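The values are calculated or read from the model by the stated rules, or taken from the named source; none is laboratory data. Please read all numbers here as calculations on a predicted model, not as lab measurements. Please note: Cβ atoms are built from the backbone with ideal geometry, for glycine as well, and neighbour counts cover all protein chains shown. Quick note on the areas: whole protein, heavy atoms, side chains included, nothing else; ligands and nucleic acids left out. Shrake-Rupley method; radii C 1.70, N 1.55, O 1.52, S 1.80 Å.
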Amino acid sequence: MKKFFSVSILLVLALAYTSCSPSEEDDLFDKSAAERLNEASALYSSRLMASPNGWAMQLYPTNENEYPYGNGYLLLCRFNADHSVNVSMDNVFSDNKYLEDTSLWEVLTDNGPVLSFNSHNKCIHAFSDPEDLPFTGTSDVENIETGTGCGGDYEFIIVDAPADASYMMLKGKKRGAYNLLTPVEEGVTYASYLADVKSFQKTMFSENAPTFNVIHFGDSIYKMTGANDGIPNIYPYDGDEIIDESFNAFLVTRRGDNYYLRFRDEIKLNDNVTLQEFVYNKEKDVFESVIDAQYYISGDDPVRFYQSTYDTDGIFIYGNPKYNWVFNSSSAMSDKMKGIVDQISAEFKARNMTFSSMFFTLRKGEVSFCVSYVNKSGATGYLYFFYDIQNTPTGQTLSYKGYENQEYKVLELAPTLNEFITVNMSQAFKVSAGTTAFDLNNIKLTAESDPNLWFTMKLTKMK
């Protein structure tokens, strides 16, 4: 039945075509093919130039999941009326330094509009030149890409280019990777834009962050690990990171005061919900879906992570190399805490000593709170104090037990330190992120009894 219906339509169309008058046919083809191609080229060229300060291009050389071929790279491009293009970047392909270059561009009409960077550009062609990538491989295992390079494109099919210049979508002509372009605000320099986004991304997805991120898709919760390299592994929270692995590259861009995280590939939750882009909500410290805020990405739970570092099988305080939670006079703290620290420093100074830091560490099989100082001869001294530590739903409770050897002599000479060790530290503390839950190298402790008494500590590798 379907075949018969299709043939009937074709017959009707054929009769209609044969009944057209010559004037109607002339109207349909009143312009030559060359003229129509030239108009198409001019149209899409104007769309490329429609953003006064150019575009932030989210470039994906390939659709692979391996570094560096599947990573995303942020390039800034300004298309000029003289068909020159200014391209800038700051990534591993530019030795992590700011690089800019100017070359030529044009819109070709090859079965549709195609943007061609048609003279060599150090930035855009770094991803398509068939040269070895010096930053891959190791001293033990070489990785020579001569002849292939990164395998990216320098010609892109223009998939979508709305007249309002709100965005553009390109598709690599050879590799088929989609690349979103969004406008760069007027007055913003390319160097400052790239530096700002790079700094933000390093803060939120630090290579030194010892935790994971959490993706909340309604009732479904996923871990996102390895986000620092730009191709995180996403798998069910209680799943296996190898058996259930699923990689999805992403990039961060800035529009106005907002930072956007966009995955290379869409994440399909069900037949009705598809997610790809998220915007950072600073107040909530999460990346919320631009479609629906109930879907969001958060950092790890600060309480869970902080408590885990004190476990007997924890890899930080008990691990090798050992890490300690360190606080010093330059750490972020409340005014009340600063007053205490300043007074402790004064007490040490009165005895020709200099207060250095305080930190939780492992001492004789127990977690202790250590106060370090420098004596008048320049040698570093340590005072060890012990606490019973109990985890609570919001943090930890510390109960003072005593000192190691002759620390009482110092406490007798330093009343502020004595009160801090025996009273201020011997209580319940709430645990929260020092700056952001996406990087829990910094933890904030706030006294349950007094919210004005708080300080931050940094997870620090000890020498």
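Per-structure values
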quantity	calculated
Answer residue from segment 306-354, given it is among the basic types (Lys, Arg) and at pLDDT 85 or above and is nearest to THR397 (Cα to Cα) among those	LYS336
Hits in segment 226-254 - residues which are open to solvent by 30 Å² or more (accessible area, probe 1.4 Å), free of Cβ contacts under 8 Å to residues at least 40 places away in the same chain, out of contact with any Lys or Arg (no Cβ under 9 Å at 6 or more places or on another chain) and not charged (D, E, K, R)	GLY226, ILE242, ILE243, SER246
Residues of segment 54-86 satisfying the condition of being assigned to a loop (DSSP other than H, G, I, E, B), within 16 Å of VAL188 (Cα to Cα) and open to solvent by 20 Å² or more (accessible area, probe 1.4 Å)	none
Residues being over 20 Å from TYR167 (Cα atoms) and over 25 Å from the mean Cα position of the chain (by Cα) - total across segment 84-107	5
Single residue of LEU37, LEU15 found to be open to solvent by 50 Å² or more (accessible area, probe 1.4 Å), touching a strand residue (DSSP E or B) at 6+ places or on another chain (Cβ under 7 Å), part of a helix (DSSP H, G or I) and at pLDDT below 90	LEU37
Filter result for PHE359 (without any contact (Cβ under 8 Å) to a residue 60 or more places away in the chain, closer than 30 Å to PHE305 by Cβ and either open to solvent by less than 40 Å² (accessible area, probe 1.4 Å) or more than 42 Å from the chain's Cα centre (by Cα) (or both))	no
Residue in segment 87-111 that is farthest from ARG36 (Cα to Cα), counting only those that are open to solvent by less than 80 Å² (accessible area, probe 1.4 Å), part of a strand (DSSP E or B) and touching a residue at least 60 places away in the same chain (Cβ under 8 Å)	MET89
Scan of segment 255-280 for residues that are surrounded by 20 or more Cβ atoms within 10 Å (Cβ to Cβ) and touching a Gly at 6+ places or on another chain (Cβ under 8 Å), ordered by number	ARG264
Strands (runs of 3 or more DSSP E) completely within segment 147-222 that count 2 or more residues being under 27 Å from ALA293 (Cα atoms)	168-172, 178-183, 213-217
Test set (1) more than 18 Å from GLU412 (Cα to Cα); (2) charged (D, E, K, R); (3) surrounded by 14 or more Cβ atoms within 10 Å (Cβ to Cβ) - GLU347 fails condition number	(1)
Strands (runs of 3 or more DSSP E) fully within segment 404-463 counting 2 or more residues that are among the charged types (D, E, K, R) and surrounded by fewer than 20 Cβ atoms within 10 Å (Cβ to Cβ)	454-461
